[in-house]
Amino acid sequence: MGVKVLIAADIVPTKTNEELFVNGDIKSLVGKALCERLKNADYIVMNLETPLTNSKSPIRKCGPCLMASPDTIKGLRSINPFFYTLANNHILDQGIEGLHSTISILNKNGISFSGVGNNVKEARKPFIVKVGNHSVGIYCCTEHEFSIATESRPGANPYDPLECFDDVRSLRQKCDYLIILYHGGKEHYRYPSPQLQRVFHKFADCGADLVVAQHTHCIGCKEEYNGSTLVYGQGNFLFDNSDSEFWQTSLMISLDLDTNEVEYIPLVKKGNAIREAEDVEKSKILKEFNTRNEEIKQVRFISEKYKEYATNIGYDYYLRFIGKLKSNIIVRGLNKITSFRFIKSLYPDSASVSIENVLDCEAHRELASEVMRLLTK
């Protein structure tokens, strides 16, 4: 039996299972089989996707502001994490105080972490650990949402192509095995976008052995590229927040450092907890995963699948661009009556091309982001 590293995805104590976390009831949270697997691992990596704090001070953002009681650390610790990535889109949900509270609690409980800092320079620092006879480097970054660090503000390490790839090349020289934990990708979409695939290929070219996308809340697919394993979505580990089909299953990654073999362990959500999948459930999860793995090998599959996905959810983005009118009762009524042809009519070619230009052009996109930030101050 080789030296085993387990990589699990998002973990968030919620109101439905807070008591189990507070009591450290690991068997109720993860079940006997998974409990034994976690206990026997040589190293465990997870994504803590919530600040641990009693101080409620939500930041300005779209989407929910998460928080969990510091008392839940007993359960979090009992699951046996050695390391948490904190580079995600929720770690700053309760402001700087919430981040500092989380860091303090992890330090007091001897749990290592990376991907955050008092500024972006600190947040970029990787983590290196000795596991058995192997030195393992872990680099954590997240896509730009509301949690990222800046030159003067604490937060998470943002994915930045001008910095991240150089960071990875440098880290490659300091470790035997290199893991990238990338918090990004489209939620509830089981394939990489064309751009995400390019990013992951570049990480591999820079020396990463394993690149893992978290954040999508669903199992995606994987590919082997240039000697690296690229995983586009694990699903959650333990996050009871939705009854969506996407949230019902997930994968834990088992890495054998002695053989470089990667195994995928299916998990299933059971009420407010999770269990290791067995028999029919396990076979079904792996069969669907392997089907997607084969699909993305097809020429142009990823780009065509992404166009199809964009077509299906396009109206959500049309609505985002009309500001307050999005919730106007007349606009909502016209959209319903016309099957969304009304909202589409607001975007003739000239308007669509102008918005496309703002989103595609680096100078326009940067300025538009600054303008929108100023509007809400």
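The values are calculated or read from the model by the stated rules, or taken from the named source; none is laboratory data. Here the structure is a predicted model, which is why all the values come from computation and not from measurement. With ideal geometry, Cβ positions are generated from the backbone for all residues, glycine too; neighbour counts draw on all protein chains shown.
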Practice task
Restrict the check to the range 212-220 and report whether at least one residue is more than 19 Å from M46 (Cβ to Cβ), of a type in the set (G, A, S), in a strand (DSSP E or B) and without any contact (Cβ under 8 Å) to a residue 40 or more places away in the chain.
Solution key: no
Exercise for the section: Return yes when T376 is of a type outside the set (K, R) and touching a residue at least 60 places away in the same chain (Cβ under 8 Å) and no when it is not. Expected result: yes
Fill in the blank from the handout: Those residues of the range 303-345 which are closer than 25 Å to G185 by Cα and touching a residue at least 12 places away in the same chain (Cβ under 8 Å) amount to S303, K305, Y306, Y309, Y315, Y318, L319, F321, I322
Practice task
Answer yes or no: is there a residue in the range 2-11 that is more than 27 Å from G155 (Cα to Cα), in contact (Cβ under 8 Å) with a residue 40 or more places away in the chain and touching a His at 6+ places or on another chain (Cβ under 8 Å).
Solution key: yes
Handout entry: Answer from D93, D176 - the residue that is touching a residue at least 40 places away in the same chain (Cβ under 8 Å), charged (D, E, K, R) and out of contact with any Cys (no Cβ under 8 Å at 6 or more places or on another chain)
Key = D176
Practice task
Go through the residues of the range 32-49 one by one and say whether even a single one is more than 25 Å from V231 (Cα to Cα), of a type in the set (S, T, N, Q) and surrounded by 17 or more Cβ atoms within 10 Å (Cβ to Cβ).
Solution key: no
Fill in the blank from the handout: Of I96, I105, the only residue that is in the same structural domain as E18 (by TED's automatic domain parsing) and touching a strand residue (DSSP E or B) at 6+ places or on another chain (Cβ under 6 Å) is I105
Fill in the blank from the handout: Scanning the range 50-64 residue by residue, the ones that are surrounded by 13 or more Cβ atoms within 10 Å (Cβ to Cβ) and hydrophobic (A, V, I, L, M, F, W, C) total 2
Handout entry: Yes/no for Y182 being farther than 30 Å from G98 by Cα and not small (G, A, S)
Key = no
Completion exercise
Quick count over the range 196-218, residues being small (G, A, S) and farther than 21 Å from Y84 by Cα, is 2
Exercise for the section: Determine if the range 295-312 includes at least one residue that is in contact with a Pro (Cβ under 6 Å, 6 or more places away or on another chain) and among the small types (G, A, S). Expected result: yes
